[in-house]
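Taken together, the values in this text are just the output of simple stated rules run on the coordinates, not laboratory data. Treat the numbers as computed from the prediction; the structure is a model and nothing was measured. Glycine gets a Cβ as well: all are built from the backbone with ideal geometry, and neighbour counts include every protein chain shown.
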Amino acid sequence: MDSEQDSRQSDLRGRAEAILATTVQEPADGSQIEMRRLIHDLLAYQIELEFQNEELFSIQLQLKDARDRYARLYHQAPEGYLSLDASGVIRQFNQTFASMVDNECADLMGRSLAEFMAAADRDIFLGRFKAFFKNPEGKSMDVTLRRRGKPASSLIARLTGRRETDTVSPVGRRLAPPLLLVIVSDISVQKAMEDALRQERDASQRYLGVVGSIVIVVRQDQTVSLINPAGCQLLGYRQEDIIGANWFDRFLPERLRVSAKAHFASLIAETTDLIKSQESMVLTRSGEERIIAWRNTVLRDTAGYITGTLSSGEDVSERRQAEIALREREAILHNITEAAQDAIVMMEPAGRISFWNPAAEHIFGYTREEALGRELHPLLAPERYHDAHYKAFPVFQRTGRGNAIGKTLGLQARRKDGVEIAVAVSLSSVQIRGQWYAVGILRDETERRAQEIELRRLATTDPLTGLANRRYFLAQVERELNRLKRYSASAALLMLDLDHFKQINDAYGHAIGDAVLKHFAFIASQTLRKIDLLGRLGGEEFAALLPDTTMTGAYPLAERLRGIIMESPAMTGAGSIGFSVSIGVALLAQNDLDADAILIRADRALYRAKNRGRNRVEMEKWDDNDRTSRRRTVTTRNQ
């Protein structure tokens with residue numbers, strides 16, 4: 001160091017001597033020469049000092065530039081820098097740290113670093129700081145620093161320590177207390193990523209633990225490296241019994257092992273394509289075979305080579321069995337609907353036909369192709385039903401409900417040829433994919449209703465004359481009597497008997513006698529009103545019920561009927577046969593107990609007509625002593 005200084009001064013002296021040598025010198029005596037030498041030395045030294053000052057100024061500028069560059073690097077560094085004393089007080093810091101805690105520089109100097117920490121970290125930091133200060137090498141602490149802004153926020157920082165080099169005097173005396181250099185790194189993003197990764201890893205583990213599907217990894221050596229609890233439960237083994245086991249030898253039925261291994265080897269060698277979705281059998285510990293629907297993918301290393309497979313599977317054994325059972329039921333249902341004698345029709349939410357079985361083709365005359373897609377009601381329902389349908393249909397579309405749903409109704413339907421037929425319609429609703437469909441079973445009731453009408457006719461009418469028989473007639477008299485009592489109405493009853501009818505039978509035979517009875521029934525029916533009911537009580541005895549009729553109306557009607565019969569002989573195979581009729585008239589009364597009470601009074605009037613010469617009408621006067629019901633024997637008056 002000293003030799004360099006001497007060399008540098010010698011160089012400066014040489015430069016000064018060279019400058020003085022250029023000045024003009026005059027002759028001088030000895031004293032002047034000495035004086036001049038002194039002046040020369042002074043001037044040379046002055047010039048030397050000027051050179052030194054210039055170099056010193058240049059060095060100062062370089063030092064300032066270097067210090068400025070360092071300050072910029074220090075304050076603009078991506079990390080925060082702190083110098084802490086042994087008490088954790090901030091003695092120096094850069095701008096980066098000030099920005100981290102969102103504080104002004106003047107607010108940081110002399111404050112404890114712990115003041116900027118979250119409460120949970122502060123006590124931990126203070127408890128560890130002494131050891132950290134003494135031996136910081138290779139150590140770090142993660143703490144949460146609070147920012148001052150509004151709203152308050154925080155960051156996660158990693159504090160890394162390093163001892164500053166001690167400053168000592170030339171004689172070994174310490175000039176300043178030791179400081180700890182702390183590098184403050186903002187690891188908030190890193191922590192967030194680590195937390196997210198940890199959460200994702202934990203979530204994946206939880207997913208594998210709770211997911212109902214099987215998850216399995218098979219390595220290229222055919223051994224299992226991962227399986228989740230659902231897979232263990234399905235196979236019936238503990239996880240440690242499965243990991244490392246050969247998947248194909250342990251868990252596949254023997255008949256499938258060779259082909260499965262060959263395909264797996266080809267997949268690892270990349271000589272065959274991955275089957276992304278497939279169903280295959282697995283063998284459980286109990287020996288049961290289960291059907292698994294797999295979704296597969298391959299695993300690759302960083303070089304892109306296949307290292308194994310990752311598969312997720314769902315046990316579909318029960319589903320496949322259910323599908324088989326469903327197909328069987330569908331086949332049975334198809335056979336039923338195909339063989340059914342009743343029409344089975346389904347109507348979709350828009351009102352169009354979506355199902356039409358063979359019986360519907362037979363009953364209505366439309367083929368399946370003609371019916372499907374057509375609106376049901378315009379196709380089958382008579383127009384008189386349309387208004388009611390269109391009013392109720394929107395409610396059915398929304399709710400699946402309606403007045404006809406769940407009921408069996410007797411209605412009329414229209415065939416393809418336009419003929420209306422009687423049908424019994426049973427309706428139900430079914431919801432499919434959130435929309436309501438109607439299912440109807442329609443039975444052709446034409447023949448049955450005709451039979452019912454015929455049975456009703458046979459049960460209520462006289463087979464010879466077609467008039468009401470005795471049972472039906474008496475029932476109607478009872479009904480009329482009840483109506484009369486309830487509404488204070490009026491009604492009359494005529495008892496009619498053909499005069500000398502036995503003589504006609506004896507003379508011409510019963511066939512001719514029947515013809516005469518039928519002729520009488522026709523003439524009487526044509527003469528009476530539509531609201532009147534004419535019935536045959538037995539033999540040649542008849543009766544007529546006249547609703548809403550008083551005595552003033554009943555007697556003239558009976559008299560007119562008698563006269564018409566008298567003037568209308570019966571045209572038979574034996575020729576024209578004339579005959580007459582005797583008629584007894586009685587009124588229904590409020591205190592009549594039943595129909596028999598009325599018949600008794602009408603029969604008395606008829607008996608009187610017979611006794612007074614026949615072919616006449618007689619009125620029965622009301623007698624209070626004859627209101628009780630008595631069984632009466634009908635006798636044929638043929639004398």
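Couple of notes before you dig in:
- Those GluC sites (Glu not before Pro) in region 57-119 that DSSP places in a loop and that have at most 13 other beta carbons within 10 Å: GLU104
- Phi angles of region 355-371 translate, via the Karplus equation with coefficients 6.51, -1.76, 1.60 and θ = phi - 60°, into HN-Hα couplings of 8, 7, 8, x, 4, 5, 4, 5, 6, 9, x, 9, 6, 4, 5, 6, 8 Hz per residue; Gly and Pro are given as x.
- Over region 333-461 - Rg/Rh using Cα atoms and the Kirkwood inverse-distance radius: 1.00
- Equivalent-ellipsoid semi-axes of region 406-493, from the Cα gyration tensor, Å, largest first: 41, 21, 11
- With the convex hull drawn over the C-alpha atoms of the chain, the volume per residue is 506 Å³.
- Temperature 37 °C, viscosity 0.692 mPa s: under these conditions the Stokes-Einstein estimate for region 419-462, based on its Kirkwood radius over C-alpha pairs, is 252 µm² per second.
- With an a/c value of 1.5 or above and a/b larger than b/c for the gyration tensor axes a ≥ b ≥ c computed over the alpha-carbon atoms, region 480-572 is described as prolate.
- Scoring 325-338, 433-446 by mean Cβ neighbours within 10 Å over their residues and listing the highest first yields 433-446, 325-338.
- The HN-Hα couplings worked out from phi for region 279-289 by the Karplus form 6.51 cos²θ - 1.76 cosθ + 1.60 (θ = phi - 60°) are 10, 8, 9, 10, 10, 8, 4, 7, x, 7, 9 Hz, whole numbers, x standing for Gly and Pro.
- Helix-only CD estimate at 222 nm, as mean residue ellipticity for the chain, using -39500 (n - 2.57) per DSSP H run (n ≥ 4): -14500 deg cm²/dmol
- Converting the Cα gyration tensor eigenvalues of region 376-439 into ellipsoid dimensions via √(5λ) gives semi-axes, longest first, of 22, 12, 11 Å.
- The Cα atoms of region 465-510 cover 49, 18, 12 Å along the three principal axes, with the biggest extent listed first.
- Calculated from the alpha-carbon coordinates, region 214-330 shows an Rg and a Dmax of 15.0, 54 Å respectively.
- Per-residue packing, averaged as other Cβ atoms within 10 Å, sorts the ranges 610-619, 478-487 into the order 610-619, 478-487, beginning with the highest.
- Taking the inverse of the mean reciprocal distance over all distinct Cα pairs, the Kirkwood hydrodynamic radius of region 76-149 comes to 12.8 Å.
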